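The values are calculated or read from the model by the stated rules, or taken from the named source; none is laboratory data. What you see is a predicted model, and the numbers here were worked out from it, not measured in a lab. So basically every Cβ, Gly included, is an ideal-geometry build from the backbone, and we count neighbours across all protein chains shown. Side chains are part of the model used for accessible areas, which takes the heavy atoms of the whole protein and leaves out ligands, DNA and RNA. Shrake-Rupley method; radii C 1.70, N 1.55, O 1.52, S 1.80 Å.
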Amino acid sequence: MVNHNLIDELFDSARGGDQRGLGKLLTMVERQSEVAARVSERAHRDAGQARIVGVTGAPGVGKSTITGRLAAVAGTARPAILAVDPSSPLTGGAILGDRIRMDNYAGSGAFIRSMATRGHAGGLSVAVPDAVRVLDAAGCDPIFVETVGVGQVEVSIATAADTAVVVVTPGWGDAVQANKAGLLEVADVLVVNKADRPDARGTRRDLEVMLDLGHQCGWRAPIVLTAATEGEGIDDLWTEIGRHIAHLHRSGELVHRRSRRRRGEVADRIKLHLSERVHQIVQNESGETVLERVDRNELSPAAAELLLSPLNPDNPPED
Amino acid sequence: MGEPPVNASLPPSAETEAPIRVVLAKLGFDGHDRGLKVVARTLRDAGMEVIYLGLRQTTDSIVAACEQEDADVIGLSMHNAGHLTLAPRMVQAVDQAGLDVPVVIGGIVPADDVPTLTDSGVAAVIGPGASAEEVVSAVKASVSRQAASQ
């Protein structure tokens, strides 16, 4: 059984740079067990130092290459990358291939961890902040969180960073697309990657127009052109990220952002555990009995909810 | 002190259900990665999390990936006739790092070489013609043997 001493020992060795200890701690928070809560609590004591940069965008725009390059130019002793990829909804398995595009630039010495979404509803919105907290407490900085920008959870994870970088490529869409895309609104820094392809400038122009129409509150997202496989524009990108972080400090926005993130995380944790309760309830014997009555059309779904909901005070609490 | 309140209604630890995490790589100078890609898909479809490192890896890069990813097993694909040199080196590197991670080999390995490899600590050798089920069960068996030996 995992005890407090083991968790403390793992943190001590992880802070000293032991990659295996850090790897084990991340596994613990990823499994969302009671141990995860203890690891999270322990990490909370030492976290709060690292700069957290989210990188998101559609599949294939070059997020992993950019992230790997950024870690290499960050110039810190211990950058870390958390690369989130989807699990198959059918089998629960996943192919986590982001390292291929990152290890090529391993001059960074980055600690890279691949994380699968593992399908559990809302689980990711708890596991990722916990994993970031563990990396932070272990002394990693900066911490890059890379997610595919599809689905609200994935986007909200990447944007629950200090700085959210959104990556697009030339030809991804026109100015109208730029205006309707919710992903772009949350960008602190916009990247047009593969800028060695035709029409990178046109894409930049469309993005500028979108930014012109938006309301500015002290920060206008800069647009950086990169050709990440060649390493072009990466220094500029890192400079802009740094500028944004400086802006967060100067304006006091960092405090707001982090407080918003923590409040959101509290709600997400409650939601996750409630949804696990719901899962248990519909799977247990009395739940199945009610569901069978729904099958036979003796009960409406609304009536069944009243019978089963843990939020209905008439229902006995589950053990 | 410091113990967070643990919700008593939380489900028991999900550790037993956690998917197997497998690192797949080609070690050294060997460009034949078609087979490895098929294996990656096969293991994914069996519910495993495949950390795909791809071509031109070193024993050091594979060990580092195993540590960072907390992998349960390493799968190496070998088509360059270097298996008698490289596979034992991988096992040694894993041992030297103090990792308890089995090494499974796939690819073109003559049957005569299999005993030499297993003697040197390779957990399983999966030859050409193995079915998807055989690949999956060899990987699963190597992980559970390792867990049992601890």
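If you go through the range B:19-44 and keep only what is without any contact (Cβ under 8 Å) to a residue 24 or more places away in the chain and surrounded by fewer than 23 Cβ atoms within 10 Å (Cβ to Cβ), you end up with B:34, B:37, B:38, B:41. Candidates are the residues of the range A:81-109 that are part of a helix (DSSP H, G or I) and either touching a Gly at 6+ places or on another chain (Cβ under 8 Å) or within 11 Å of another protein chain (Cβ to nearest Cβ) (or both); the one that is most open to solvent (accessible area, probe 1.4 Å) is A:101.
Among the residues of the range B:133-150, those identified as at pLDDT 95 or above, open to solvent by less than 60 Å² (accessible area, probe 1.4 Å) and not hydroxyl-bearing (Ser, Thr, Tyr) are B:135, B:136, B:138, B:139, B:141, B:143. Filtering the range A:35-49 to residues that are buried (at least 19 other Cβ atoms within 10 Å of the Cβ) and at the interface with chain B (Cβ under 7 Å from one of its Cβ atoms) leaves A:35, A:37, A:38. With respect to the conditions (1) surrounded by 15 or more Cβ atoms within 10 Å (Cβ to Cβ); (2) farther than 27 Å from residue A:68 by Cα; (3) not charged (D, E, K, R), residue A:264 lacks only one, and its number is (1).
One residue stands out among those in the range B:1-29 that are touching a helix residue (DSSP H, G or I) at 6+ places or on another chain (Cβ under 9 Å) and at pLDDT 90 or above: the one that is farthest from the other protein chains (Cβ to nearest Cβ), which is B:27. In the range A:284-294, the count of residues that are part of a helix (DSSP H, G or I), touching a Leu at 6+ places or on another chain (Cβ under 7 Å) and open to solvent by less than 50 Å² (accessible area, probe 1.4 Å) is one or more.
Where the second residue is at pLDDT 75 or above and assigned to a loop (DSSP other than H, G, I, E, B) and the first is within 14 Å of chain B (Cβ to nearest Cβ) and surrounded by 11 or more Cβ atoms within 10 Å (Cβ to Cβ) and lies in the range A:308-319, which pairs have Cβ atoms under 7 Å and are six or more apart or on separate chains? Once the first residue is within 14 Å of chain B (Cβ to nearest Cβ) and surrounded by 11 or more Cβ atoms within 10 Å (Cβ to Cβ) and sits in the range A:308-319, its partners that are at pLDDT 75 or above and assigned to a loop (DSSP other than H, G, I, E, B) give A:315/A:309; A:318/A:310.
Here is a list: B:64, B:81. Which entry is surrounded by fewer than 17 Cβ atoms within 10 Å (Cβ to Cβ) and of a type in the set (Gly, Ala, Ser)? Step by step, each of B:64, B:81 is checked, and only B:81 is surrounded by fewer than 17 Cβ atoms within 10 Å (Cβ to Cβ) and of a type in the set (Gly, Ala, Ser). Mind checking whether some residue in the range A:61-70 is within 13 Å of another protein chain (Cβ to nearest Cβ), over 22 Å from residue A:160 (Cα atoms) and in contact (Cβ under 8 Å) with a residue 40 or more places away in the chain? Looking for residues that are within 13 Å of another protein chain (Cβ to nearest Cβ), over 22 Å from residue A:160 (Cα atoms) and in contact (Cβ under 8 Å) with a residue 40 or more places away in the chain, one finds none in the range A:61-70, hence no. Filtering the range A:272-283 for residues that are surrounded by 12 or more Cβ atoms within 10 Å (Cβ to Cβ), closer than 18 Å to residue A:163 by Cα, within 21 Å of the chain's Cα centre (by Cα) and in contact (Cβ under 8 Å) with a residue 40 or more places away in the chain leaves an empty set. Taking the range A:19-29 as the search range and keeping residues that are open to solvent by 10 Å² or more (accessible area, probe 1.4 Å) and either under 11 Å from residue A:7 (Cα atoms) or of a type in the set (Asp, Glu) (or both), which one is nearest to the other protein chains (Cβ to nearest Cβ)? Among them, the one singled out is A:24. Tell me yes or no: at least one residue of the range B:75-94 is under 11 Å from the mean Cα position of the chain (by Cα), within 14 Å of residue B:25 (Cα to Cα), among the hydrophobic types (A, V, I, L, M, F, W, C) and part of a strand (DSSP E or B). Looking through the range B:75-94, at least one residue is under 11 Å from the mean Cα position of the chain (by Cα), within 14 Å of residue B:25 (Cα to Cα), among the hydrophobic types (A, V, I, L, M, F, W, C) and part of a strand (DSSP E or B).
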